[in-house]
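Notes follow once the structure below has been shown.
The values are calculated or read from the model by the stated rules, or taken from the named source; none is laboratory data. Predicted, not measured: the structure shown is a model, and the values here were computed from it. Here Cβ is always computed from backbone atoms with ideal geometry, including for glycine, and neighbour counts include all displayed protein chains.
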Amino acid sequence: MSKDLEKENEKLEKQNKKLKKKNSAGGKIIIFLLLIIVILAAVLFFLDPFGWGIGPNAKGGAGNADTAGAPAVSQTETADTEPAETEKPQAYTDVTVAGATYIFGTEETTIDYIVSIVKDSGEDVIVNISDDNATQNAMEELTKRLESEGIRYTIK
């Protein structure tokens, strides 16, 4: 009878080892999947291809051109609910220089039109210039004109 008990005990130990291996593998898979999820969340947060997170596409960031054809000039949000008395809120507008053409909003335009819209806004507007394979002459012409008119700009 003791031999039967020993055989039964050995069988149970083998089954126990198999179950431990299965449980160990399952735990490793769960940890691996959680790690992948954390990495994907970090990538989405910092690269923010959908306007999530803290990158340039984050909602509430710098203004973009309106799709209706008229360029939009938007205000950036600050941490305070009211701006300080000495600071004026900054407004931004986007201009793309593609080759030798200027794109303001969704249409090709001239430097004169860009300058007139920025000056007519009545605000301290900063022009964000995007270089889309622009020619050197077109970029220089735009930046010189903005400087001569006293309009601030940034080049992306």
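Among residues belonging to segment 130-151 that are in a loop (DSSP other than H, G, I, E, B) and either among the small types (Gly, Ala, Ser) or loosely packed, with under 15 Cβ neighbours inside 10 Å (or both), point out the one that is nearest to the chain's Cα centre (by Cα). Explain how you work it out, then say what you get.
Taking segment 130-151 first, the residues in a loop (DSSP other than H, G, I, E, B) are 133-135, 149-151.
Adding the requirement that they be either among the small types (Gly, Ala, Ser) or loosely packed, with under 15 Cβ neighbours inside 10 Å (or both) leaves 133-135, 149-150.
Numbers: 133: 22, 134: 23, 135: 27, 149: 31, 150: 30 Å.
Per the stated criteria, the residue is 133.
Can you tell me which condition residue 44 does not meet? The list is (1) modelled with pLDDT under 80; (2) part of a loop (DSSP other than H, G, I, E, B); (3) of a type outside the set (Asp, Glu), and all the others hold.
(2)
Checking residue 64 against (1) modelled with pLDDT of 55 or more; (2) outside the structural domain of residue 134 (by TED's automatic domain parsing); (3) of a type in the set (S, T, N, Q): exactly one of these is not met. Which one?
That leaves (1) as the condition not met.
With the condition kept exactly as written, say whether any residue in segment 81-97 is surrounded by 10 or more Cβ atoms within 10 Å (Cβ to Cβ), at pLDDT 75 or above and farther than 30 Å from residue 131 by Cβ.
no
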